[in-house]
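Please read the structure below before turning to the comments.
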Amino acid sequence: MCGIVGAVAQRDVVEILLEGLKRLEYRGYDSAGVAVLGSKDESLTSVRAVGKVKKLVNKIEENPTQGKTGIAHTRWATHGVPSENNAHPHMSHDELALVHNGIIENHDALRKQLLADGYAFTSDTDTEVVVHLIHRAMRQEKIDLLSAVQHVVPMLHGAYGLCVISTKEPETLVVARSGSPLVIGVGIGENFVASDPLALGQVTDRFIYLEEGDVAEVKRKSISIFADGKPVERKRTRIRSDLSEIEKGDYGHFMLKEIYEQSAVIKNTLSGRVSANHVLEEAFGIKAKDIFDKVNNVQIVACGTSFHAGLITKYWLENIAKMPCQVDIASDYRYRNIIVRPGTLFVTISQSGETADTLAALRYADELGYVGSLAICNVATSSLVRESDFSLLTMAGREIGVASTKAFTTQLCALLLLSLVLGRRNGMTDESEAQHVTDLHKLPGLVDQVLELDEAIKELSISFADKNHALFLGRGNQYPVAKEGALKLKEISYIHAEAYPAGELKHGPLALVDDKMPVIAVAPNDELLGKLKGNLAEVSARGGKLFVFADESGGFDDDGDYKLIRMPAVPDVLAPILYTVPLQLLSYHVAILKGTDVDHPRNLAKSVTVE
């Protein structure tokens, strides 16, 4: 959520830094600041403000600041309340300034060491520890800025994207990445850094994406990147970042582009929120720990696709956190006489954060005695985020297609992090958490494997071209996935589609089965697979046409009874996220065959702001 911008040039960089911060405002933040090395005397000047970037701009207009090397930051509070003292950049002895995205888990132990060495702290943040550590390394080891950063980063546990400047090296930025993204913007006689290329679209279209563990020295005319202390080369990429989110590029529709962006945005949503084997719960904000410690029950409220995310989360909370969970449709919730159990957390889910029914439910819930309200949302400035006690933002970027795709899968990632954080308080072992986090790190690669099935799914879609009805089946946590698949198909292809728990077939839906209605099943290799196979046999026995998305190790044979798409093996907990993706592709290709307006289906709006 925090944003980093840095620049080293032959011109004044303050306006570049401020424009970069403005371009990152969508991420959400509660304070902002800049630090620059003065053009004349190379002294270090820092200006910080609580609130919007506009307040920072006003302060700089009142006391003009100039410099040819500088860094800037928008902060979302995790350690310490929003205040000028806690805002970034943080300084050490008026010689170093540093900005940081992420969370340093071992900051308390490091702070004690620094206090013993005579360092004074002016903030409550974990970040200030890092700038003092670098200063100490430069002083004690008598090394340059790059070497000092390389010396310090092995001491840091957690996630970080760092950018630091020094009065001793006035034309140098040093950056380091572990768990939080950073890019270098390549200019002509000047260079830049940022947490998102969008921040630099006004000055360059050439970028170097740093990889995990990279440390880089960025000078005006040179860029040096190191991994494990050794020089490395990283690919340069050309991207018109200012237009990347509002242009389709080589894709026929925004929806297809957004489906293909899912591995990247899932990675973004996890960045800075998980270490190698641990969820960094500070990412939920400064109020989170106190509220989470009181939680023994969860109430989820949402609409549409977000409601399906809530249904999947119910399984995670019950299985991982051993915690009861209720899931309600927002449009009905506030018209019920709600009985709130003590210790219940109220969770809302919304892509836009402006959905009228969900907002109304939150306002109703404020009167009912919940221990706190958490918003899972994609828009930092939305009403839902502002009115909730705390939030976890998804990092899906702008989603233009009306049928939600990447917003849904990033919601699921955020909700799985919530389930793990609550599970920690209810008996989940460190080993179990580490396994889940290890699996999460593999998720973007698994999504890419599923996207490679696109041509096979496109061929499969031909069977739906003349159909008017479809039935989706799933068991356990795959039933909400089936519901989401049915919703996508009806939204953009206008085929009537509904989903059922596969075990309910014999209680009514079997009456609909014939050779004219396709039946789509999602079949990961889980404990319910044997039961699901029995349900599918019931469909086959009645002449139904089956289309099965099945785990490659699930024991399905290509025997002509159904059309099979083999899915990569996936950990059980991640299966709902992964099995959503092929259903998105199926709905997209069917809609193309039907000739509908994929990105703007009839009668629907992106954000439903009326009841």
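For this structure, a couple of remarks:
- Angle between the chain longest axis and helix 14-23 axis [Cα atoms, degrees, rounded to 10]: 20
- Over 28 Å apart at the Cα level, from the set 22/267; 54/442; 406/483; 406/442; 55/221; 22/257, are 54/442; 55/221.
- Sum of side-chain charges, residue 587 neighbourhood, beta-carbon under 11 Å (Lys, Arg +1; Asp, Glu -1): +1
- Taken over the range 254-447, the alpha-carbon convex hull comes to 102 cubic angstrom per residue.
- Degrees between helix 430-451 axis and first principal axis of the chain (Cα, 0 to 90, nearest 10): 70
- Within the range 546-599, none of the chymotrypsin sites (Phe, Trp or Tyr not before Pro) combine a DSSP coil assignment with at most 15 other C-beta atoms in a 10 angstrom radius.
- Subset of 531/563; 467/563; 52/289 violating a 21 Å alpha-carbon distance limit: 52/289
- On the principal axes of its alpha-carbon atoms, the range 3-238 has extents of 44, 42, 35 Å, going from largest to smallest.
- Relative contact order (percent, whole number), the range 456-599, Cα cutoff 8 Å, 6+ residue spacing: 31
- Theoretical ellipticity at 222 nm over the chain - DSSP helices of four or more residues, -39500 (n - 2.57) apiece, nearest 500: -10500 deg cm²/dmol
- Counted over all Cα-Cα pairs of the range 43-159, pairs farther apart than 19 Å make up 48 percent.
- Contact order relative to length of the range 405-520, as percent, for alpha carbon pairs under 8 angstrom and 6 or more apart: 22
- Cα centroid separation - the range 51-100 against the range 109-185, whole Å: 16
- Within the straight-line cut-off of under 13 Å between alpha carbons, the aspartates and glutamates reachable from residue 287 are 389, sequence neighbours fewer than 8 places apart in one chain being disregarded.
- The mean sequence distance of close C-alpha pairs (under 8 Å, at least 6 residues apart), as a share of the length of the chain, puts its relative contact order at 11 percent.
- Expected-Rg normalisation [2.2 N^0.38 Å, Cα atoms] applied to the range 454-594: 0.93
Read-outs throughout are calculated quantities, based only on the coordinates presented, and are distinct from any laboratory measurement. Keep in mind it's a predicted model, so treat the numbers as computed, not measured. Methodologically, a virtual Cβ is constructed for each residue, glycine included, from the backbone with ideal geometry; neighbour enumeration extends over all protein chains shown.
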